[in-house]
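Right, one structure below, let's go through it.
The values are calculated or read from the model by the stated rules, or taken from the named source; none is laboratory data. All values derive from a computational prediction rather than experimental measurement. Quick reminder, even Gly has a Cβ in these numbers, built from the backbone with ideal geometry, and neighbours come from all protein chains shown. What goes into the accessible areas is simple: the full protein's heavy atoms, side chains included, and nothing from ligands, DNA or RNA. Shrake-Rupley method; radii C 1.70, N 1.55, O 1.52, S 1.80 Å.
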Amino acid sequence: MKGRISNKLGEVNISEDVIATYAGSVAVECFGVVGMATVSMKDGLVKLLKKESLQKGIEAEISDNEISLKMHVIVSYGVSISAVADNLIENVRYKLEEFTGMKVRSVEIFVEGVKPID
């Protein structure tokens, strides 16, 4: 489903892929987040995604012009996972609401791995 914003000049439709891509770019800028992850259904292995495919680690859903996200991330070794998750949720919520004009209903964080910083 697409998000829809209407104003006096017309209507803007925003796809879930755009939401996921933007949320991924916001996420990798947050302290403690190494990157987005995808889990292979075939063998259960976690893969760190490159910058071009960040949206694959995010499930975005738009319902009644509200955004729900499920984000699969890899965090830095030695950081507080709860602090990173809280920071990530707040940043993504704020930036998405500012970017789209739609309300963010929920952001769920799935920590798929921990990686030492190089």
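Data table
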| quantity | calculated |
| --- | --- |
| Selection count, the stretch 36-50, where residues are touching a helix residue (DSSP H, G or I) at 6+ places or on another chain (Cβ under 8 Å) and at pLDDT below 85 | 2 |
| The listed residue being open to solvent by 60 Å² or more (accessible area, probe 1.4 Å), among the β-branched types (Val, Ile, Thr), closer than 16 Å to Cys30 by Cβ and in contact (Cβ under 8 Å) with a residue 60 or more places away in the chain, out of Ile117, Ile81 | Ile117 |
| Test for Val111: is it under 19 Å from Ser53 (Cα atoms), at pLDDT 95 or above and either open to solvent by 20 Å² or more (accessible area, probe 1.4 Å) or not charged (D, E, K, R) (or both) | no |
| Residue selected from the stretch 18-35 under the condition at pLDDT 90 or above and not hydrophobic (A, V, I, L, M, F, W, C), by the criterion surrounded by the fewest Cβ atoms within 10 Å (Cβ to Cβ) | Glu29 |
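Quick grid of which residues meet (1) crowded, with 19+ Cβ neighbours inside 10 Å; (2) of a type in the set (A, V, I, L, M):
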site	(1), (2)
Ala60	yes, yes
Ile67	yes, yes
Lys70	no, no
Val73	yes, yes
Arg93	yes, no
